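Input: a single structure, listed below in structure tokens.
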Amino acid sequence: MKDYKLLTPGPLTTTDSVKREMMFDHCTWDEDYKEITQEIRRNLLKLAHVTDEEYTAVLMQGSGTFGVESVLTSVTGPEDKLLVVANGAYGGRMGEIAEHAGIPHEIYRERFDRVPEASVIAGWLDSDPAITHVSMVHSETTSGILNDIEAVGKAVKERNRVFIVDAMSSFGGIDIPVAEWGIDFLVSSANKCIQGVPGFSFIIARKSLLLASAGNARSLSLDLYDQWKTMDVDGKWRFTSPTHVVLAFAKALKELEEEGGIPARERRYSENNRLLIRRMEELGIHPYIEGSHQGPIITTFYYPENKKFSFGAMYHYVKDRGYAIYPGKVTEAETFRIGNIGEIYPDDIEKLYEIMKEFLEEQEHA
Ligand SMILES: *Cc1c(COP(=O)(O)O)cnc(C)c1O
């Protein structure tokens, strides 16, 4: 098969050294394997700028959604009520999870090209004292917008509610001081900005609230408290762990550190992103999100004005030349998306620009 790089927001292109870690069938019951899990958990707390007195890290089998579902259905009790903040498909998905699990909830829907306002959320909490938990997405991968979880966290904590953040496509690529920003549960996954492969999600959890949630879970396999209780003994996973994925993730964490940690990775992603937007503008392709709210992870672009433009044709043209891009996900406009996270450098963005330029010129003359 012809190789290509992924300009998608996860799974993403990983290093060869991360992929090579998976060429080994590790057993799960010996000390060295359990220690790998424990070290991953300690490293995640460090990246989150929290201590192990206040917080703990739990790894959960499955994709990112499994982690979000685990938190929402495990930490809300029968008397609790959830406010879901949604300005994209992933925020909307949290509403669907609450609906399926029968968790009493409200949804504050915002336009996909706008960030939810902390003052609106504060108003919601002030007028509905039954609301005990607030959940929202940090980097809404649907559009690429970066939500202001710091301001929302402040409003939520001032009102003594629990704050849950889906930081799936930002944790590891954007520095998040979890305690300082008032986050009680943060969810992310192995295959995004840490640059591992898909197979598990992880949760940074405030210990006191996790302990208080024992017995609340609506699902057996997604029971966050039980998963933590088993894992916290010595690093043994509750059910079969995705061993190859865990080995690759441990390596990816080392490579993140070698790169210079989250600040260095954030700089690389931001540089990729700024260059991408500049080059696309040169091709007459404009971003959907207004500059100050555009995140450094993925960008939604409007189709170019050229009447003959076909995204399908461009997708195949670009893929044949080494890069996979992404269809759009916003509903009200014709768009496509380009991610710039993973083992991607400005040189890749320049190559993509040349390929797309060539495609648009060929289409123009067809
Ligand atoms: C990737 C992602 C998820 C999880 O999606 P999965 O397909 O379950 O991995 C959730 N929220 C956001 C914002 C994401 O980018």
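Which condition from (1) at pLDDT below 95; (2) touching a strand residue (DSSP E or B) at 6+ places or on another chain (Cβ under 9 Å) is the one that GLY291 breaks?
(2)
I'm told PRO304 meets every condition in (1) buried (at least 16 other Cβ atoms within 10 Å of the Cβ); (2) out of contact with any helix residue (DSSP H, G or I) (no Cβ under 8 Å at 6 or more places or on another chain); (3) in a loop (DSSP other than H, G, I, E, B) except one. Can you identify the failing condition by its number?
The failed condition is (2).
Per-residue answers, yes or no, for (1) surrounded by fewer than 18 Cβ atoms within 10 Å (Cβ to Cβ); (2) not assigned by TED's automatic domain parsing to the domain that holds SER170:
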site: LEU253; (1), (2): no, no
site: GLU281; (1), (2): yes, yes
site: TYR288; (1), (2): no, yes
site: THR300; (1), (2): no, yes
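For the stretch 17-71, name all the residues that are over 17 Å from ALA248 (Cβ atoms), open to solvent by 80 Å² or more (accessible area, probe 1.4 Å) and acidic (Asp, Glu).
GLU31, ASP52, GLU53, GLU54
Among the residues of the stretch 72-95, what is the count of those that are more than 13 Å from VAL134 (Cβ to Cβ) and either of a type in the set (A, V, I, L, M) or more than 12 Å from the ligand (Cβ to nearest atom) (or both)?
Here the count works out to 6.
The values are calculated or read from the model by the stated rules, or taken from the named source; none is laboratory data. Being a predicted model, the structure only gives us computed values, none of them experimental. Virtual Cβ from ideal backbone geometry, glycine too; neighbours counted across all protein chains shown. Side chains are part of the model used for accessible areas, which takes the heavy atoms of the whole protein and leaves out ligands, DNA and RNA. Shrake-Rupley method; radii C 1.70, N 1.55, O 1.52, S 1.80 Å.
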